[in-house]
Amino acid sequence: MPVVRRQELEPYVEFYALWAEDADEEEPAESPEPAEAELLEVRERRLCFRSGGHTHHASFTAEVWDQEPPTDEREIWESSADTQWYCRSGEMALWSYAGPSEPVVELGMADTLWRVRAYVSGQERVRELAQQEVPAGVERFLVQFWPV
């Protein structure tokens, strides 16, 4: 079962905050607080990701599958989580307090309830490095989507 679509992004994370919204949403009236307890939380139509570093460039891989993918064992992940998320437009934009990242993630189907599985590695390391510099690619997310 191959992946339908795969995109690599490098979102800018500020104040530990990284979240995703439907790409046709206008800028939020109020930015959400960073996710703290869980790696992945759904809040107010947003997917909120817990980040380990205050300010840095993360590596974010989005995969779209036509059915549930196998558990990813390509690397050792520090944490993983699952949830469901509805996307009206079929495109997802990643946000931080600095604004949206480019390009948008093409999910491929509008008006769809998605199952979402997120993995992360490098959170402990980026926490240390982000105290002294603005690291890039240390914190790595793999986020998989498939229709419910």
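Overview of values
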{"quantity": "Hits in region 104-116 - residues which are free of Cβ contacts under 8 Å to residues at least 60 places away in the same chain, open to solvent by 20 Å² or more (accessible area, probe 1.4 Å) and under 16 Å from the mean Cα position of the chain (by Cα)", "calculated": "ARG115"}
{"quantity": "Every pair of residues 6+ apart whose Cβ atoms lie under 8 Å, when the first sits in region 39-54 and is farther than 19 Å from VAL138 by Cα and part of a strand (DSSP E or B) while the second is open to solvent by 70 Å² or more (accessible area, probe 1.4 Å) and of a type outside the set (Asp, Glu)", "calculated": "VAL42/GLN84"}
{"quantity": "Evaluation of ALA62 against (1) part of a loop (DSSP other than H, G, I, E, B); (2) touching a Phe, Trp or Tyr at 6+ places or on another chain (Cβ under 9 Å) (one fails), failing number", "calculated": "(1)"}
{"quantity": "Among the residues listed as SER101, SER80, SER121, the single one being open to solvent by 30 Å² or more (accessible area, probe 1.4 Å) and hydroxyl-bearing (Ser, Thr, Tyr)", "calculated": "SER80"}
{"quantity": "Sole exception among (1) closer than 12 Å to PHE60 by Cα; (2) part of a loop (DSSP other than H, G, I, E, B); (3) not polar (S, T, N, Q) for VAL134, by number", "calculated": "(1)"}
{"quantity": "Extreme residue, nearest to PHE145 (Cα to Cα), among residues of region 10-60 that are open to solvent by 50 Å² or more (accessible area, probe 1.4 Å) and small (Gly, Ala, Ser)", "calculated": "ALA37"}
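The values are calculated or read from the model by the stated rules, or taken from the named source; none is laboratory data. Owing to the predicted nature of the structure, the values given are computational and were not obtained by experimental measurement. In this analysis, Cβ positions are derived from the backbone assuming ideal geometry, glycine residues included, and neighbour counts consider all displayed protein chains. Just the protein is used for accessible areas: all its heavy atoms, side chains included, with ligands, DNA and RNA removed. Shrake-Rupley method; radii C 1.70, N 1.55, O 1.52, S 1.80 Å.
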